[in-house]
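Data block below; observations after.
The values are calculated or read from the model by the stated rules, or taken from the named source; none is laboratory data. Predicted model only: the values in this text are computed from it and were never measured. Cβ placement follows ideal geometry from the backbone for every residue including glycine, while neighbour counts extend to all protein chains displayed.
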Amino acid sequence: MRLAVVAGHPVQYVAPWLEQLAREPALELKVFYLWDLGVSEARDPGFLKPLQWDIPLLEGYQHVFIPNRSRTPGNQHFLGYINPSLNGVLRDWNPDVVLLMNYAFLSYLMLLIDPRFWTIPFLFRGDSHDLARSPGLRASLGRALRGLIFRRFAGFLVVGEANRSYYRRCGVPCSRLVEAPHAVDNARFLAAAAEARRDAQALRDQLGIPHRRSVVLFVGKFVDVKRPFDILEAFARLPEGLRDDGALVFVGDGPHGPSLIQRAADAGLSNVHVLPFQNQQAMPAIYALGNVLVLASQSETWGLVVNEAMNLECPAIVSDHVGCRGDLVVEGHTGWIYPTGNVDALSRCLREALEDPERLHAMGRQARRHVEAFNFAGITDGLLRAIEACGTGGRSGSTGGPLEQPPRVTSRSSG
């Protein structure tokens with residue numbers, strides 16, 4: 001069975017799964033990348049710097065980079081992927097099934113409407129949701145358009161609860177939805193845990209954070225959509241004794257970095273630390289430094305930093321616009337959920353977390369056990385079931401166009 005995966009660029013979260021997937025005996029896998037971000041000196045607009053990951057992104061599986069003719073490549077706009085040679089290269093490889101990791105860019109849509117592929121089953125894996133989408137005419141029209149495009153797909157790999165609701169609201173029947181929960185390389189983080197805790201203690205000493213102090217952690221881009229200033233303000237609103245007995249650490253890069261440092265200084269918060277972007281090898285120690293992670297995003301498709309943090313026994317406080325909220329965050333057990341933009345509510349969550357360090361440690365252990373169920377094997381299992389359900393018979397038996405009814409996928413029992 002030849003499986004072609006079409007993806008925007010190599011991603012540190014996905015590459016280890018592709019390496020494992022390539023070892024499946026029933027599959028011949030090849031990945032078609034549309035951009036070389038992460039393995040070249042391409043610039044990430046969120047981090048404001050060239051981005052190259054320090055873990056292997058291309059090992060263990062077949063791949064090819066399709067030249068991208070976009071003037072400004074990336075996910076920021078519809079014309080971020082212009083790859084004129086994609087369809088021909090893909091057709092020459094003659095796949096049995098195609099898995100798309102996106103659809104909302106020119107190259108993907110040109111692939112979906114190409115009649116040379118109408119008899120080949122297409123699957124889709126994305127992590128979109130409607131948690132942050134405002135109601136209205138524009139949202140309704142967008143949903144109708146997505147519903148039309150989604151008719152082209154034989155099956156959908158569902159990463160979580162909010163993602164499932166998103167597909168259902170677009171009219172996708174349950175019969176085409178297959179569970180494939182979002183995951184990171186749990187094994188890598190667990191293998192690094194012991195050394196990470198030693199490195200985290202050294203980092204505490206370097207930052208002057210006493211061992212007894214609980215650390216509130218943010219990891220990500222310092223950009224508006226992540227709402228980092230909400231976290232700083234919520235921390236500042238804590239009761240003085242509780243605030244002074246804790247620490248807040250921002251780790252990342254982006255346009256708001258200098259402002260975070262200045263605002264913390266203006267507020268007299270000497271226990272707020274802003275660290276630069278850390279590459280993947282350093283991240284286990286960063287998560288081991290934290291006692292609770294905060295993800296305050298205005299919009300976040302999933303939040304894989306939560307998966308990573310929970311592997312290092314760090315529970316999470318997330319806004320209700322974060323996609324993993326209904327899957328990873330079990331209120332009072334693995335973390336807390338609060339209304340997006342409500343700084344007082346976020347501050348109350350921080351207060352509850354920091355008031356009882358022993359409970360917080362126990363929640364961290366519960367979080368680690370909980371995240372074990374979100375693993376690469378689950379993604380592969382969902383993909384293989386979707387492939388089995390759609391089969392390859394449609395390649396010779398289908399005569400319709402790109403919007404015909406594809407074979408249906410049977411969803412896995414939730415029991």
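Exactly one residue among G382, G394 is among the small types (G, A, S) and at pLDDT below 95, and that residue is G394. The set of residues in segment 210-252 being within 21 Å of P315 (Cβ to Cβ) and touching a His at 6+ places or on another chain (Cβ under 8 Å) consists of P228, A247, L248, V249, F250.
Only a single criterion out of (1) over 17 Å from the mean Cα position of the chain (by Cα); (2) surrounded by 19 or more Cβ atoms within 10 Å (Cβ to Cβ); (3) closer than 17 Å to N186 by Cβ is not satisfied by Y287, namely (1). Given the condition more than 20 Å from the chain's Cα centre (by Cα), in contact (Cβ under 8 Å) with a residue 60 or more places away in the chain and part of a loop (DSSP other than H, G, I, E, B), answer yes or no: does some residue in segment 142-151 qualify? Yes; the residues of segment 142-151 include at least one that is more than 20 Å from the chain's Cα centre (by Cα), in contact (Cβ under 8 Å) with a residue 60 or more places away in the chain and part of a loop (DSSP other than H, G, I, E, B). Segment 203-278 holds strands (runs of 3 or more DSSP E) entirely within its bounds, and those carrying 2 or more residues that are within 22 Å of the chain's Cα centre (by Cα) and touching a residue at least 12 places away in the same chain (Cβ under 8 Å) map to 214-221, 246-253. Consider segment 320-378 and keep the residues that are over 16 Å from H182 (Cβ atoms), among the charged types (D, E, K, R) and touching a residue at least 40 places away in the same chain (Cβ under 8 Å). The one that is surrounded by the most Cβ atoms within 10 Å (Cβ to Cβ) is R368. Considering segment 75-95 alone, what residues qualify as being without any contact (Cβ under 8 Å) to a residue 40 or more places away in the chain and in a loop (DSSP other than H, G, I, E, B)? Within segment 75-95, Q76, H77, I82, P84, S85 meet the criteria.
Looking only at segment 225-242, residues that are more than 16 Å from A345 (Cα to Cα) and surrounded by 21 or more Cβ atoms within 10 Å (Cβ to Cβ) come to 1 in all.
Here V318, V305 are screened, and the one residue that is under 22 Å from the mean Cα position of the chain (by Cα) and outside any helix (DSSP H, G or I) is V318.
Counting residues in segment 296-308 that are modelled with pLDDT of 95 or more, surrounded by fewer than 18 Cβ atoms within 10 Å (Cβ to Cβ) and either in contact with a Lys or Arg (Cβ under 7 Å, 6 or more places away or on another chain) or not assigned by TED's automatic domain parsing to the domain that holds R212 (or both) gives one or more.
Could you go through segment 132-141 and let me know if any residue there is modelled with pLDDT of 95 or more, in contact with a strand residue (DSSP E or B) (Cβ under 9 Å, 6 or more places away or on another chain), in a loop (DSSP other than H, G, I, E, B) and not assigned by TED's automatic domain parsing to the domain that holds L304. No, because not a single residue in segment 132-141 is modelled with pLDDT of 95 or more, in contact with a strand residue (DSSP E or B) (Cβ under 9 Å, 6 or more places away or on another chain), in a loop (DSSP other than H, G, I, E, B) and not assigned by TED's automatic domain parsing to the domain that holds L304. Number of residues in segment 1-58 that are in a loop (DSSP other than H, G, I, E, B), among the aromatic types (F, W, Y), modelled with pLDDT of 90 or more and out of contact with any helix residue (DSSP H, G or I) (no Cβ under 7 Å at 6 or more places or on another chain) equals 1.
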